[in-house]
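Report on one structure; see the data block that follows.
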Amino acid sequence: MTTTFARERTLQDEIAPAVEARVPGVEVLAVELPATSRFRVYIDHPEGVDHALCERVARVLDPYRSEYTIEVSSPGTDRPLRKPEHFAGAVGERVSVRTETRKNRHRGVLVEAGDDAITLQSGDAGETRIPYDAIVRANLIDEGLTT
């Protein structure tokens, strides 16, 4: 695993418990490092995510400000998927999955979220099984459909 993804997982493991304990109802969905000196935290809340909630979460993350610029965001339409329960809630949806393997980008319909792996249906490629341990990033695909 590259150092960027390893650092993201370390930050996720540090940040999620602190934020979730100090800001009731917030779930830290993902932590991403778009640059070495900046991280982005995706959060969700049963009542939705607004600017005030993002500010509360950002204050919890103040100890990281000496090393990082911090962004706090709602999950948006291309919601990050990191935990098995995130994948279970997305069965039937189109997803994009990045792994560290040779063919590291997979797109398709999530047809199963098992105990240790997911299964994607990818048109001509058929079904692909991907262990959770191999996934470094995954997101819902925003189809951009409007009614």
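If the condition is being more than 23 Å from residue 135 (Cβ to Cβ), surrounded by 15 or more Cβ atoms within 10 Å (Cβ to Cβ) and of a type in the set (A, V, I, L, M, F, W, C), then region 27-53 contributes 49, 53.
In region 54-100, the qualifying residues are those that are under 11 Å from the mean Cα position of the chain (by Cα) and aliphatic (A, V, I, L, M), and the one that is surrounded by the fewest Cβ atoms within 10 Å (Cβ to Cβ) is 97.
For residues that are among the β-branched types (Val, Ile, Thr), within 16 Å of the chain's Cα centre (by Cα) and assigned to a helix (DSSP H, G or I), scanning just region 1-30, find the one that is nearest to residue 58 (Cα to Cα). Residue satisfying both the conditions and the ranking: 19.
Taken together, the values in this text are just the output of simple stated rules run on the coordinates, not laboratory data. Here the structure is a predicted model, which means the values were calculated and not measured. Please note: Cβ atoms are built from the backbone with ideal geometry, for glycine as well, and neighbour counts cover all protein chains shown.
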